[in-house]
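First the structure, in the form of structure tokens, and then the observations on it.
The values are calculated or read from the model by the stated rules, or taken from the named source; none is laboratory data. Please read these numbers as outputs of a predicted model, since none were measured by experiment. Heads up, the Cβs are rebuilt from the backbone with ideal geometry, glycines too, and the neighbour counts pull from every protein chain shown. Areas reflect the complete protein model, heavy atoms only, side chains present, ligands, DNA and RNA absent. Shrake-Rupley method; radii C 1.70, N 1.55, O 1.52, S 1.80 Å.
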Amino acid sequence: MPSTLFVGSDGTLGVVTEVELALMPAPAVVWGASCFFETEAAALDFTVAVRPALAHAAAIEYFDAGALSILRSQRENSAAFASLPAVEGRFACCVYVELDCDDEDEACAELYAIGDAMRAVGADEADTWVARTDVDRECQRFFRHAVPESVNMLIDERRRTNPAITKLGSDMSVPDERLHDVIELYRTTLAEAGLQSAAWGHIGNNHLHVNVLPRGDADFAAGKELFCSWAAEVTRMGGAVSAEHGVGKIKRGFLETMYGPEHIREMARLKRELDPAGQLGRGNLFGEELLGAMAGDAPSGAACEKGGERA
């Protein structure tokens, strides 16, 4: 059986018992540049401009105003984050670019391209942190990892008074030409719903993790409904409802939104051929109603319009 069938199958088709890996050589020079912007529009324009200009970008990551605000608060109020570098209040967001190059001349040329792209969108190339040593890169790594950790700590604090709520995290992506459109979708609908959020992730692939941070049951319910509407809009943009972390049980309603019920039934029929008893990854991708009716052609009943499950 082609191994590609197992990619994205969320454990529903078989069990991997042996994997052979090959190590790639580490790049000779790894530099990181954190680029700060006073507006989100400038950061998006920079991303669009810099992608084709860089031949050696291993990552282009994003941190929005919500994420930076939480980091500032953590730096002031938690000893564990006191060593975080200070981010000026005038900055609304940050785009981090990691460069993997063959030599320092190559890395310098890429840095000049980053500076050119910043100036082209009205930003200042001086508003950057450039890491060229192991110590500086570790500082940037701490900064990047502190964002999701801080958000998780915030939600843990809220769960002490309301254990039913959790963070709601999206995993959607769109084609290159729809980056501005999807960010506008997020900003407009979050504001209309009155929800707190923080977004970070792989903006180089138009793939942001937008995290809704519920303050209570009403926010939690509103966030789930919002994610369902995003799944429909991202699908219309030609995007994917889960670009990295899989669908599993939690987001299987989004999968039906993306592909439609007939395609889900086709997937279930393939699963039936490989796993007639429906034992592998039960509940992943396919709801219990569909698993129980695999011999027939019943609809899955996992439509997102019902509010779905925790995203």
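Using the heavy atoms of the protein chains and a 1.4 angstrom probe, tell me the accessible area per residue for the chain in square angstrom.
On the way: 15420 Å² over 311 residues.
That works out to 50 Å² for each residue.
Here the Karplus curve 6.51 cos²θ - 1.76 cosθ + 1.60, taken at θ = phi - 60°, turns the phi angles of region 75-81 into couplings of 4, 7, 10, 10, 4, 5, 10 Hz, with x standing for Gly and Pro. Only one item in (1) 21.5, 75; (2) 21.5, 64; (3) 24.0, 86 matches Rg and Dmax of the Cα atoms in Å derived from the coordinates shown, and that item is (2). Each residue of region 262-271 was assigned a 3J(HN,Hα) from its phi angle through the Karplus curve 6.51 cos²θ - 1.76 cosθ + 1.60 (θ = phi - 60°); the sequence is 5, 5, 5, 5, 4, 4, 5, 5, 5, 4 Hz, with glycine and proline shown as x. Only helical runs count toward this figure. For the chain, summing -39,500 (n - 2.57) over DSSP H runs of n ≥ 4 and dividing by all residues gives -13500 deg cm²/dmol at 222 nm.
Of His245, His209, the residue with the largest accessible area leads and the full order is His245, His209 (1.4 Å probe). Scanning residues 5 or more positions from Asn206 or on other chains, none has an amide H under 5 Å from its amide H, with H placed 1.01 Å from N in the peptide plane.
Out of Ala193, Val212, Asn162, whose Cα points farthest toward the positive end of the dipole of region 107-213 (charges: +1 Lys, Arg; -1 Asp, Glu; placed on Cβ)? Ranked along the dipole, the leading option is Asn162.
Could you list the square roots of 5 times each eigenvalue of the Cα gyration tensor of region 89-233, that is, the equivalent ellipsoid semi-axes, sorted largest first and rounded to whole Å?
After scaling each eigenvalue by five and taking roots: 33, 19, 13 Å.
Only Cα pairs under 8 Å and at least 6 apart count here; give the relative contact order of the chain as a rounded whole percent.
Details: 478 pairs, mean separation 64.7, N = 311.
Relative contact order, the chain: 21 percent.
Working note: Cα gyration tensor of region 31-141, eigenvalues times five, square-rooted, sorted largest first, giving semi-axes of 24, 18, 10 Å. Shown for the chain: lysine pairs separated by 8 or more places, or found on different chains, whose C-alpha atoms are under 19 Å apart, numbering 10.
Find the centroid of the Cα atoms in region 188-243 and in region 57-108, then give the distance between the two in whole Å. Region 188-243 and region 57-108 have Cα centres separated by 22 Å. Keeping the other protein chains in place, figure out the carbon and sulfur percent of the accessible area of the chain, with a 1.4 Å probe. Within the chain, the accessible surface is 52 percent carbon and sulfur. Residues in region 44-57 carry Karplus couplings, in order, of 5, 4, 4, 4, 4, 6, 7, 3, x, 7, 10, 8, 10, 7 Hz; the curve used is 6.51 cos²θ - 1.76 cosθ + 1.60 with θ = phi - 60°, and Gly or Pro positions show x.
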